[in-house]
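Asker: Input: one structure, supplied below.
The values are calculated or read from the model by the stated rules, or taken from the named source; none is laboratory data. Just so it is clear, the structure is predicted and the values come from calculations on it, not from any experiment. Heads up, the Cβs are rebuilt from the backbone with ideal geometry, glycines too, and the neighbour counts pull from every protein chain shown.
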Amino acid sequence: MKILKTVVWDWNGTLLDDVEVCIQTVNAMLHQRNLPLIENVDQYQSVFTFPVIDYYRQVGFDLKRERFEDLSEEYMAGYHARAAACGLFADVEPGILTLKKHGIPSLILSASRQDHLRKQTEQCRCTAWFDDLIGISDIYAKEKLSAAQSWLQDHPQKDRKMIMVGDSLHDWEVAEALGWECILIDRGHQSRKRLESSGKPVMSNILEAVSLILA
(Lines give C-alpha, C1' and ligand atoms only; values in the text may rest on other atoms or scores of the structure.)
Protein backbone atom coordinates (compact mmCIF):
# COMPACT_ATOMS: atom_id res chain seq x y z
CA MET A 1 0.00 0.00 0.00
CA LYS A 2 1.35 3.40 -0.99
CA ILE A 3 2.07 5.74 1.92
CA LEU A 4 0.30 9.07 1.49
CA LYS A 5 2.48 12.01 2.50
CA THR A 6 1.91 15.70 3.20
CA VAL A 7 4.79 18.13 3.65
CA VAL A 8 4.37 21.01 6.10
CA TRP A 9 6.83 23.80 5.41
CA ASP A 10 8.01 26.52 7.72
CA TRP A 11 8.04 29.88 5.95
CA ASN A 12 10.66 32.35 7.24
CA GLY A 13 14.19 31.13 6.64
CA THR A 14 13.00 27.86 5.10
CA LEU A 15 11.19 29.05 1.99
CA LEU A 16 11.56 32.84 2.33
CA ASP A 17 15.16 34.08 2.23
CA ASP A 18 14.84 36.73 4.94
CA VAL A 19 17.67 36.14 7.42
CA GLU A 20 19.63 39.24 6.36
CA VAL A 21 16.50 41.38 6.59
CA CYS A 22 15.84 40.08 10.11
CA ILE A 23 19.38 40.98 11.13
CA GLN A 24 19.08 44.45 9.60
CA THR A 25 15.79 45.05 11.38
CA VAL A 26 16.92 44.05 14.85
CA ASN A 27 20.23 45.89 14.40
CA ALA A 28 18.37 49.11 13.60
CA MET A 29 16.51 48.72 16.89
CA LEU A 30 19.68 47.90 18.82
CA HIS A 31 21.49 50.88 17.27
CA GLN A 32 18.74 53.24 18.41
CA ARG A 33 19.34 52.03 21.98
CA ASN A 34 23.15 52.08 21.79
CA LEU A 35 23.24 48.32 22.25
CA PRO A 36 25.80 45.98 20.62
CA LEU A 37 24.82 44.93 17.12
CA ILE A 38 24.61 41.42 15.71
CA GLU A 39 27.79 41.21 13.65
CA ASN A 40 27.04 38.38 11.23
CA VAL A 41 24.77 35.49 10.28
CA ASP A 42 26.67 33.02 12.46
CA GLN A 43 26.08 35.12 15.55
CA TYR A 44 22.43 35.57 14.66
CA GLN A 45 21.91 31.85 14.12
CA SER A 46 23.47 31.16 17.51
CA VAL A 47 21.02 33.37 19.42
CA PHE A 48 17.71 33.31 17.52
CA THR A 49 15.09 31.21 19.29
CA PHE A 50 11.43 30.69 20.10
CA PRO A 51 9.60 32.15 21.85
CA VAL A 52 10.94 35.34 20.27
CA ILE A 53 10.76 37.16 23.62
CA ASP A 54 13.73 35.03 24.73
CA TYR A 55 15.66 36.07 21.62
CA TYR A 56 14.98 39.72 22.42
CA ARG A 57 16.42 39.21 25.89
CA GLN A 58 19.52 37.48 24.51
CA VAL A 59 20.39 40.28 22.11
CA GLY A 60 20.17 42.87 24.86
CA PHE A 61 16.73 44.48 25.02
CA ASP A 62 15.75 45.42 28.58
CA LEU A 63 12.27 43.99 29.00
CA LYS A 64 11.98 45.55 32.42
CA ARG A 65 12.15 48.98 30.81
CA GLU A 66 10.34 48.26 27.55
CA ARG A 67 7.25 46.19 26.83
CA PHE A 68 7.76 43.17 24.62
CA GLU A 69 4.55 44.11 22.78
CA ASP A 70 5.96 47.53 21.89
CA LEU A 71 9.23 46.02 20.72
CA SER A 72 7.27 43.57 18.59
CA GLU A 73 5.32 46.38 16.92
CA GLU A 74 8.54 48.25 16.21
CA TYR A 75 10.23 45.15 14.84
CA MET A 76 7.35 44.21 12.56
CA ALA A 77 7.14 47.72 11.13
CA GLY A 78 10.83 47.64 10.27
CA TYR A 79 10.75 44.07 9.05
CA HIS A 80 7.87 44.53 6.63
CA ALA A 81 9.40 47.72 5.23
CA ARG A 82 12.49 45.69 4.33
CA ALA A 83 10.96 42.27 3.60
CA ALA A 84 9.08 43.45 0.52
CA ALA A 85 12.39 42.99 -1.30
CA CYS A 86 12.83 39.40 -0.07
CA GLY A 87 12.27 36.45 -2.35
CA LEU A 88 12.12 32.71 -2.11
CA PHE A 89 15.26 30.59 -2.12
CA ALA A 90 15.94 29.60 -5.72
CA ASP A 91 15.26 25.90 -5.14
CA VAL A 92 11.83 26.35 -3.54
CA GLU A 93 9.80 26.31 -6.76
CA PRO A 94 11.46 23.25 -8.34
CA GLY A 95 11.36 21.44 -5.01
CA ILE A 96 7.69 21.97 -4.29
CA LEU A 97 6.64 21.37 -7.89
CA THR A 98 8.57 18.10 -7.85
CA LEU A 99 6.54 17.03 -4.83
CA LYS A 100 3.34 18.01 -6.64
CA LYS A 101 4.30 15.83 -9.61
CA HIS A 102 4.55 12.93 -7.18
CA GLY A 103 1.14 13.70 -5.70
CA ILE A 104 2.51 15.07 -2.43
CA PRO A 105 0.72 18.22 -1.25
CA SER A 106 2.44 21.05 0.63
CA LEU A 107 1.22 23.31 3.43
CA ILE A 108 2.86 26.23 5.20
CA LEU A 109 2.89 26.41 9.01
CA SER A 110 4.32 29.70 10.24
CA ALA A 111 4.73 31.73 13.40
CA SER A 112 3.85 34.76 11.25
CA ARG A 113 0.44 36.34 11.64
CA GLN A 114 -1.99 34.79 9.18
CA ASP A 115 -2.58 37.93 7.11
CA HIS A 116 1.14 38.71 7.01
CA LEU A 117 1.88 35.18 5.82
CA ARG A 118 -0.66 35.39 3.00
CA LYS A 119 0.57 38.82 1.95
CA GLN A 120 4.12 37.52 1.68
CA THR A 121 3.17 34.40 -0.29
CA GLU A 122 1.18 36.60 -2.66
CA GLN A 123 4.15 38.93 -3.08
CA CYS A 124 6.28 35.88 -3.90
CA ARG A 125 3.55 34.58 -6.26
CA CYS A 126 3.58 31.16 -4.64
CA THR A 127 0.27 30.97 -2.76
CA ALA A 128 -1.23 28.56 -5.28
CA TRP A 129 1.56 26.04 -4.71
CA PHE A 130 0.20 25.25 -1.25
CA ASP A 131 -2.96 23.46 -0.20
CA ASP A 132 -3.26 25.72 2.86
CA LEU A 133 -1.49 28.48 4.78
CA ILE A 134 -1.48 28.16 8.57
CA GLY A 135 -0.41 31.25 10.49
CA ILE A 136 -1.03 32.56 13.99
CA SER A 137 -3.35 35.26 15.28
CA ASP A 138 -0.82 37.82 16.56
CA ILE A 139 2.68 39.20 15.93
CA TYR A 140 4.40 37.84 19.03
CA ALA A 141 5.78 34.56 17.57
CA LYS A 142 5.47 32.63 20.82
CA GLU A 143 4.82 29.29 19.15
CA LYS A 144 2.89 27.70 16.30
CA LEU A 145 1.92 24.35 17.78
CA SER A 146 -1.54 25.56 18.79
CA ALA A 147 -2.17 26.83 15.25
CA ALA A 148 -1.27 23.41 13.87
CA GLN A 149 -3.50 21.67 16.41
CA SER A 150 -6.44 23.89 15.51
CA TRP A 151 -5.91 23.20 11.82
CA LEU A 152 -5.75 19.44 12.42
CA GLN A 153 -9.08 19.53 14.26
CA ASP A 154 -10.68 20.87 11.09
CA HIS A 155 -8.52 18.86 8.68
CA PRO A 156 -7.80 15.41 10.18
CA GLN A 157 -4.79 13.70 8.61
CA LYS A 158 -5.11 10.21 10.07
CA ASP A 159 -4.17 8.38 6.87
CA ARG A 160 -1.21 10.56 5.92
CA LYS A 161 2.44 10.71 6.92
CA MET A 162 3.08 14.33 7.91
CA ILE A 163 6.59 15.68 7.38
CA MET A 164 7.64 19.02 8.88
CA VAL A 165 10.44 20.85 7.08
CA GLY A 166 11.89 23.85 8.88
CA ASP A 167 14.96 25.76 9.97
CA SER A 168 14.59 25.89 13.75
CA LEU A 169 14.38 23.64 16.76
CA HIS A 170 10.83 24.88 17.25
CA ASP A 171 9.88 23.15 13.99
CA TRP A 172 11.25 19.94 15.48
CA GLU A 173 9.37 20.56 18.74
CA VAL A 174 6.12 21.00 16.83
CA ALA A 175 6.74 17.84 14.83
CA GLU A 176 7.53 15.87 17.99
CA ALA A 177 4.38 17.09 19.74
CA LEU A 178 2.21 16.08 16.77
CA GLY A 179 3.92 12.80 15.94
CA TRP A 180 5.18 14.09 12.61
CA GLU A 181 8.49 13.35 10.93
CA CYS A 182 10.92 16.24 10.67
CA ILE A 183 13.67 17.44 8.34
CA LEU A 184 15.67 20.57 9.16
CA ILE A 185 17.53 22.94 6.83
CA ASP A 186 20.61 24.81 8.03
CA ARG A 187 20.63 27.99 5.92
CA GLY A 188 17.87 29.78 7.87
CA HIS A 189 17.52 31.20 11.36
CA GLN A 190 19.44 28.63 13.42
CA SER A 191 22.84 27.02 12.95
CA ARG A 192 23.52 23.49 11.80
CA LYS A 193 25.11 22.67 15.15
CA ARG A 194 21.95 23.66 17.02
CA LEU A 195 19.70 21.83 14.58
CA GLU A 196 21.76 18.64 14.82
CA SER A 197 21.02 18.53 18.56
CA SER A 198 17.50 17.40 17.59
CA GLY A 199 18.81 14.14 16.19
CA LYS A 200 16.78 14.72 13.01
CA PRO A 201 18.17 14.90 9.45
CA VAL A 202 19.73 18.29 8.71
CA MET A 203 19.97 19.26 5.04
CA SER A 204 21.64 22.17 3.27
CA ASN A 205 18.81 23.02 0.88
CA ILE A 206 15.27 22.25 -0.27
CA LEU A 207 16.24 19.82 -3.01
CA GLU A 208 18.13 17.64 -0.53
CA ALA A 209 15.05 17.62 1.68
CA VAL A 210 12.80 16.74 -1.25
CA SER A 211 15.08 13.84 -2.22
CA LEU A 212 14.80 12.46 1.31
CA ILE A 213 11.01 12.86 1.28
CA LEU A 214 10.77 10.95 -2.00
CA ALA A 215 13.18 8.19 -0.94
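Every residue, every condition in (1) out of contact with any helix residue (DSSP H, G or I) (no Cβ under 7 Å at 6 or more places or on another chain); (2) without any contact (Cβ under 8 Å) to a residue 12 or more places away in the chain; (3) not acidic (Asp, Glu), yes or no:
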site	(1), (2), (3)
Gln32	yes, yes, yes
Val52	yes, no, yes
Tyr56	no, no, yes
Lys64	yes, yes, yes
Cys86	no, no, yes
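Asker: Give the residues of the stretch 38-96 that are closer than 18 Å to Thr14 by Cβ and of a type in the set (D, E, K, R), sorted by residue number.
Answerer: Asp91, Glu93
Asker: What number of residues in the stretch 150-185 are under 24 Å from Ser198 (Cα atoms) and at pLDDT below 95?
Answerer: Result for the stretch 150-185: 1.
Asker: Could you go through the stretch 34-43 and let me know if any residue there is touching a residue at least 24 places away in the same chain (Cβ under 8 Å), in the same structural domain as Ala77 (by TED's automatic domain parsing) and either in a loop (DSSP other than H, G, I, E, B) or in contact with a Leu (Cβ under 9 Å, 6 or more places away or on another chain) (or both). I'd like the intermediate steps shown before the answer.
Answerer: Restricting attention to the stretch 34-43, the residues satisfying the condition of being touching a residue at least 24 places away in the same chain (Cβ under 8 Å) are 35-36, 42.
Filter once more, so that each one left must be in the same structural domain as Ala77 (by TED's automatic domain parsing): 35-36, 42.
From what's left, either in a loop (DSSP other than H, G, I, E, B) or in contact with a Leu (Cβ under 9 Å, 6 or more places away or on another chain) (or both): 35-36.
For the stretch 34-43, residues touching a residue at least 24 places away in the same chain (Cβ under 8 Å), in the same structural domain as Ala77 (by TED's automatic domain parsing) and either in a loop (DSSP other than H, G, I, E, B) or in contact with a Leu (Cβ under 9 Å, 6 or more places away or on another chain) (or both): present.
Asker: Could you please let me know if Thr14 is assigned by TED's automatic domain parsing to the domain that holds Gly95 and closer than 21 Å to Leu184 by Cβ?
Answerer: On the way: assigned by TED's automatic domain parsing to the domain that holds Gly95: yes; closer than 21 Å to Leu184 by Cβ: yes.
Against the criterion (assigned by TED's automatic domain parsing to the domain that holds Gly95 and closer than 21 Å to Leu184 by Cβ), Thr14 qualifies.
Asker: Assuming Thr6 fulfils every condition listed in (1) part of a helix (DSSP H, G or I); (2) closer than 17 Å to Asp131 by Cα; (3) out of contact with any helix residue (DSSP H, G or I) (no Cβ under 8 Å at 6 or more places or on another chain) apart from one, which condition is it?
Answerer: (1)
Asker: Now for a separate question. Within the stretch 128-179, track down each residue that is of a type in the set (S, T, N, Q) and touching a residue at least 24 places away in the same chain (Cβ under 8 Å). First the steps, then the outcome.
Answerer: Filtering the stretch 128-179 down to residues of a type in the set (S, T, N, Q) leaves 137, 146, 149-150, 153, 157, 168.
Ser137, Gln149, Gln157, Ser168, listed by residue number.
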